[in-house]
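Peer 1: The structure that follows is given in the form of structure tokens.
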Amino acid sequence: MFPLQSAQMLQTLERSLRKSLPESLKVYGTVFHMNQGNPFNRKALVDKWPDFNTVVIRPQEQEMIDDLDHYTNTYQIYSKDLKNCQKCLGSPKVINWKQHLQIQSSQPSLNEVIQNLAATKSFQVKQTQCILYMTAETIKKLAPSLLEGKTLPPTGGKPKAICQEMFKLSSLDVTHAALVNKFWHFGGNERSQRFIERCIQTFPTFCLLGPEGIPVSWNLMDYTGELRMAGTMPEYRAQGLITHVIYSHTVSLNQLGFPVYSHVDKNNKMMQKMSNRLHHISVPGGWNQWHCVPL
């Protein structure tokens, strides 16, 4: 595989990936932001050009210095040919299988490829599958066929009003990373906190400040452009605060022209209901992540 160097090639890749939504969503979202200045310094590899079969998005080599940092050592993959994909991923120049790493994709079929590689490359793998949501506005713009047969709730996608005297809409500061890290399901360690700090510094964030002037509910974005790490302090839950934060965040990102999407755990019925109320549409394929640890 070889890297796409020019801005024109990356723009062509973005247009091509758009035709394959939602299967290409995690890769499309990353490439979209690479074309908006590449704030996370990502790198796009293809097996051939322009009629590629497999795309791998990865960090630059100089950033992957910590073999245990799977938050940094994360790859996004889209492929039209699983046999080709397995051949590409088997190359040590594409993926460093000696590191702790994560692979993300909107294609559950990649599980077969990764399990086959685990047997030959000697690593343990844990797959996580969640529900993948795109906002109705993003679907209308990028993949309108996904709305066929869908009936949106009649609420208009707006949350209930909150007490504006008690809660102030704001953005997160890097000093709030420890708070986010404490409540993030995939976090809770030093490496995840560094990742959260970088997300806060790089992309728009939203939060509600409580009476004491600290965040009580929040939402972030990661390097793929996905809404991530939403949370609310336990004493402020069940008041609709996170709904208000995510709605405000979504409106802002829509105005910037960003594709807006997120994932929700299959057991988290409350967040699924909230997503439905906000006119977030579940899409085929789902959200897939493989956590790989060398033996």
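Peer 1: Taking residue 214 and the conditions (1) in contact with a His (Cβ under 9 Å, 6 or more places away or on another chain); (2) over 26 Å from residue 178 (Cβ atoms), which numbered condition does it fall short on, given that it satisfies the others?
Peer 2: (2)
Peer 1: Provide a single number: the residues in the stretch 241-267 that are surrounded by fewer than 18 Cβ atoms within 10 Å (Cβ to Cβ) and over 14 Å from the mean Cα position of the chain (by Cα).
Peer 2: The total comes to 9.
Peer 1: From 174, 113, grab the single residue that is β-branched (Val, Ile, Thr), buried (at least 17 other Cβ atoms within 10 Å of the Cβ) and either under 20 Å from residue 232 (Cα atoms) or touching a residue at least 24 places away in the same chain (Cβ under 8 Å) (or both).
Peer 2: After ruling out the rest, the residue left standing is 113.
Peer 1: So is residue 289 among the polar types (S, T, N, Q), surrounded by fewer than 19 Cβ atoms within 10 Å (Cβ to Cβ), assigned to a strand (DSSP E or B) and at negative phi or not?
Peer 2: Answer is yes for this residue.
Peer 1: May I ask you to list pairs of residues, at least six apart or on different chains, whose Cβ atoms are under 6 Å apart, with the first in the stretch 210-237 being farther than 21 Å from residue 268 by Cα and the second being crowded, with 22+ Cβ neighbours inside 10 Å and of a type in the set (Ser, Thr, Tyr)?
Peer 2: Qualifying pairs under 6 Å: 224/30.
Peer 1: Which condition number in (1) open to solvent by less than 40 Å² (accessible area, probe 1.4 Å); (2) modelled with pLDDT of 95 or more is the one that residue 49 fails?
Peer 2: (1)
Peer 1: Need a quick list: helices (runs of 4 or more DSSP H) entirely within the stretch 96-191 having at least 3 residues that are more than 21 Å from residue 223 (Cβ to Cβ).
Peer 2: 110-121, 136-142
Peer 1: With the requirement that a residue be touching a residue at least 40 places away in the same chain (Cβ under 8 Å) and more than 17 Å from residue 205 (Cβ to Cβ), what does the stretch 238-258 give you?
Peer 2: Matches in the stretch 238-258: 239, 240.
Peer 1: Could I ask something else about it? Pick from 150, 160, 141: which is touching a strand residue (DSSP E or B) at 6+ places or on another chain (Cβ under 7 Å) and open to solvent by 30 Å² or more (accessible area, probe 1.4 Å)?
Peer 2: Result: 150 is the single residue among 150, 160, 141 that is touching a strand residue (DSSP E or B) at 6+ places or on another chain (Cβ under 7 Å) and open to solvent by 30 Å² or more (accessible area, probe 1.4 Å).
Peer 1: Of the conditions (1) closer than 22 Å to residue 73 by Cβ; (2) surrounded by fewer than 14 Cβ atoms within 10 Å (Cβ to Cβ); (3) modelled with pLDDT of 95 or more, residue 182 fails just one. Which one is it?
Peer 2: Single failed check for residue 182: (1).
Peer 1: Here's a follow-up. Conditions: (1) crowded, with 20+ Cβ neighbours inside 10 Å; (2) closer than 28 Å to residue 143 by Cα. Residue 12 meets all but one. Number of the miss?
Peer 2: (1)
Peer 1: Out of everything in the stretch 53-95 that is of a type in the set (S, T, N, Q) and open to solvent by less than 20 Å² (accessible area, probe 1.4 Å), what residue ends up being farthest from residue 184 (Cα to Cα)?
Peer 2: If we take residues in the stretch 53-95 being of a type in the set (S, T, N, Q) and open to solvent by less than 20 Å² (accessible area, probe 1.4 Å), then 54 is farthest from residue 184 (Cα to Cα).
Peer 1: Against the condition open to solvent by 90 Å² or more (accessible area, probe 1.4 Å), polar (S, T, N, Q) and either at positive phi or in contact with a Cys (Cβ under 9 Å, 6 or more places away or on another chain) (or both), how does residue 102 come out, does it pass?
Peer 2: The answer is no for residue 102.
The values are calculated or read from the model by the stated rules, or taken from the named source; none is laboratory data. What you see is a predicted model; the values in this text were computed from it and never measured. Here Cβ is always computed from backbone atoms with ideal geometry, including for glycine, and neighbour counts include all displayed protein chains. Calculation scope for accessible area: heavy atoms of the full protein, side chains included, ligands and nucleic acids excluded. Shrake-Rupley method; radii C 1.70, N 1.55, O 1.52, S 1.80 Å.
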